[in-house]
Amino acid sequence: PADLHDLDGDGDTGEALPLDLDGSGRSHGAGLDLGAYEFRLWYVNIDASGSGCTSWADACPDLQIALALPPGEIWIAEGVYRPGASGSVNAVFKLSNGQALFGGFTGSETMRDQRDWVTHPVTLTGDLDASGGFSFHVEGR
């Protein structure tokens, strides 16, 4: 398809749309992402009510939602996160290749180095109901 909105800012709207290997547009803020795949950043905050995970304002309250999204960095705000509901003993936090989890956020940071994991800890627990009903394991691959 044509670059009708001039995503790369070169003034040529007749050229092919700049896409990466997975078909995503190459625009990244005011710049152009020249990598093979787009950089993705997802946000999780247990106190949030969002669903898109694309910003702190739209942060997902459940880490499982972000883990199901395409690979990228997942920024996690302070809190205790469980892999499933009470009684879901087979529930796991399952990470895929290309996913990176970073905790220690308050929910307003714009750069990773602004986080403080000592002051704002993130706990991934298998204690499903906070009373000893544990998941069997936490899995990574």
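Each value in this text was obtained by applying a stated rule to the coordinates, not by laboratory testing. All values derive from a computational prediction rather than experimental measurement. Backbone-built Cβ (ideal geometry, glycine too); neighbour counts: all protein chains shown.
Inter-label distance, Thr123 to Ile65: 2.3 nm, where each label sits 7 Å from its Cα along the C-beta direction.
Taking all Cα pairs closer than 8 Å and separated by 6 or more residues, the relative contact order of the stretch 84-130 comes to 46 percent.
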